[in-house]
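Peer 1: A single structure is presented below for examination.
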């Protein structure tokens, strides 16, 4: 019997190592349940409860109620449970290996602490089994507890996260104080805050590339736009040679941007487009507007803010701060920095820039695609000009701006061109992406699971997205039948050929389909996804 107990415990560990890795990854992607994101993800994904290990719970319940005294029956039951657990572990191992995640699990110190706490939770019943090997009733109860913990692994990890909360708060306070002290010592450091509903990361990267032609500019890496992200950037990446710190600021609720400003104290601010991203967590569009303007309201009077004159929400906002405002735009003629004669092709975008009160026009070229990137470039040009970078250097810097991963990134994949816009799709970005696809030659394909986190307007916006797709696409590949129903409805409403609409449950299935289309044709495929690794319907 000892050997079968060891096999059972081994199988439990195997199942939970791989299942746990999957859910720790989801917890990390959902910002450690900030604003209940992780719990909402679990509740929205009912498939997480349809697992093989429910069989182990049934067998354990039967064993507990009957209380077998025959070793043979116990061995058979525990062998079946062990086989199911190992099969479950294999399933999750394969799932993790095959996943095409845009954001891999990062094994941080916090994740390591979470793993240790989770392991300790599982060790408690395992150790107790060792003390009750001669009592079948207690053993079956402990087997049941372990089987339920395996089945509800996603909640065990959440409990471990709660247990670790006091430790994480102490760690946070230590590193926060360290970062603030470091910033206080760097009195000549220029700090720029960037926020908005869409385009923060693109704007940050573009600004960094352009300012680095003259200065040593440090931008928050990747998507480190939270409290922890800014603290980590200051402590780990900033040094005495840093001239400019570009702080991307993300938020899910009103008040978060103000908190980030108190943390790093920006003197300059850039506001990208304001839209409906994270409407569900903000609660209303007005809360989103007020939340984003917390950056501008926090700036000192001797700083400046760069706002988008083509964004009605920014133009109508009644600013209480008397900070200097620099307006950029494309449509409006009365802005301070304006782009005109914009032309987009498969090679990139070129345009002219006009500065207010200057007659001369300056011609710019970039590898980036779309008007929204032109807005981001205009913000960077306006900021660079204020910081004393001359026009010729700005032209050179814009030409060398690097394409941004997963944000309208044009690349050749096998026989077709992929327009990779697979990061946090939103109504404005999706509309821009469709326009760009429409400018491309050859057969045009859209691959998407739709947009998320748009609250009660999610279905409405996805239906509109379907209507926009119908105007430019030759084929449409929808990822996930349930989530994409509004998109399909929008397509059919506009008379799109239903025979050219394909539905897959996993984004990986789209690649061979597109490969077939591109055998004898030039194909451009827009991947307009939102975290497919999290939201695929499997």
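Peer 1: Given R₀ = 30 Å, FRET efficiency for residue 346-residue 236 by Cβ-Cβ distance, to 0.05?
Peer 2: Details: r = 38 Å, r/R0 = 1.27.
Approximately 0.20, to the nearest 0.05.
Peer 1: Compare the peptides 509-516, 178-185 by average per-residue count of other Cβ atoms within 10 angstrom and give them in order, highest first.
Peer 2: Details: 509-516: 15.5, 178-185: 13.5.
The most tightly packed comes first, giving 509-516, 178-185.
Peer 1: Write down the Å³ per residue value for the convex hull defined by the alpha carbon atoms of the chain.
Peer 2: 168
Peer 1: Here is a follow-up. What number, rounded to the nearest 500 deg cm²/dmol, is the helix-based mean residue ellipticity at 222 nm of the chain, given -39500 (n - 2.57) per DSSP H run of at least four residues and division by all its residues? Each step should come with its number before you reach the end.
Peer 2: Working: 21 runs with 273 residues, N = 538.
One gets -16000 deg cm²/dmol as the mean residue ellipticity at 222 nm.
Peer 1: Evaluate 2.2 N^0.38 Å with N set to the residue count of region 409-535, then give the Cα radius of gyration divided by it. Could the numbers behind the result be given before it?
Peer 2: Details: Rg = 13.1 Å, N = 127, 2.2 N^0.38 = 13.9 Å.
That works out to 0.95 for region 409-535.
Peer 1: With the Cα gyration tensor of region 170-222 giving a ≥ b ≥ c as the square roots of its eigenvalues, does the rule (a/c under 1.5 for rounded; else a/b larger than b/c for prolate; else oblate) give rounded, prolate or oblate? All intermediate terms of the calculation are to be shown ahead of the outcome.
Peer 2: On the way: a/c = 2.73, a/b = 1.43, b/c = 1.91.
Oblate.
Peer 1: Please label the shape of region 190-288 as rounded, prolate or oblate, based on the square roots a ≥ b ≥ c of the eigenvalues of the alpha-carbon gyration tensor (a/c under 1.5 means rounded; beyond that, a/b larger than b/c means prolate, else oblate).
Peer 2: Prolate, since a/c reaches 1.5 and a/b exceeds b/c.
Peer 1: Taking R0 as 60 Å, what FRET efficiency do you get between residue 39 and residue 333 from their Cβ-Cβ distance, rounded to the nearest 0.05?
Peer 2: On the way: r = 49 Å, r/R0 = 0.81.
About 0.75, to the nearest 0.05.
Peer 1: Rg to Rh for region 185-399: what is it, with Cα atoms only and Rh by Kirkwood?
Peer 2: On the Cα set of region 185-399, Rg over Rh gives 0.94.
Peer 1: Give the angle, between 0 and 90 degrees and rounded to the nearest 10, that separates the Cα long axis of helix 200-211 from the longest principal axis of the Cα atoms of the chain.
Peer 2: 50
Peer 1: Still on this model: Could you tell me how many degrees, from 0 to 90 and to the nearest 10, lie between the Cα long axis of helix 54-66 and the main elongation axis, the longest principal axis, of the Cα atoms of the chain?
Peer 2: 30
Peer 1: Sort out for me the Cα centre separation of region 21-95 from region 363-382, rounded to whole Å.
Peer 2: One Cα centre to the other: 50 Å.
Peer 1: Please compute P(r) over all alpha-carbon pairs of region 2-163, binned at 5 Å starting from zero, and give each bin as a whole-number percent.
Peer 2: 1, 9, 18, 21, 19, 14, 9, 6, 3, 1, 0
Peer 1: Moving on to the next point. Mind running the shape call on region 387-470? Use the C-alpha gyration tensor, a ≥ b ≥ c as the square roots of the eigenvalues: rounded below 1.5 for a/c, prolate if a/b tops b/c, oblate otherwise.
Peer 2: Oblate shape, in that a/c is at least 1.5 and b/c is the bigger or equal ratio.
Peer 1: Report, in degrees rounded to the nearest 10, the 0 to 90 angle that the Cα long axis of helix 427-438 makes with the longest principal axis of the chain.
Peer 2: Result, in degrees: 70.
Just so you know, all these numbers are worked out from the coordinates, no wet-lab data involved. Since this is a predicted model, take the numbers as computed values, not measurements. Reconstructed Cβ throughout: ideal geometry from the backbone, glycine too, with neighbour counts over all protein chains shown.
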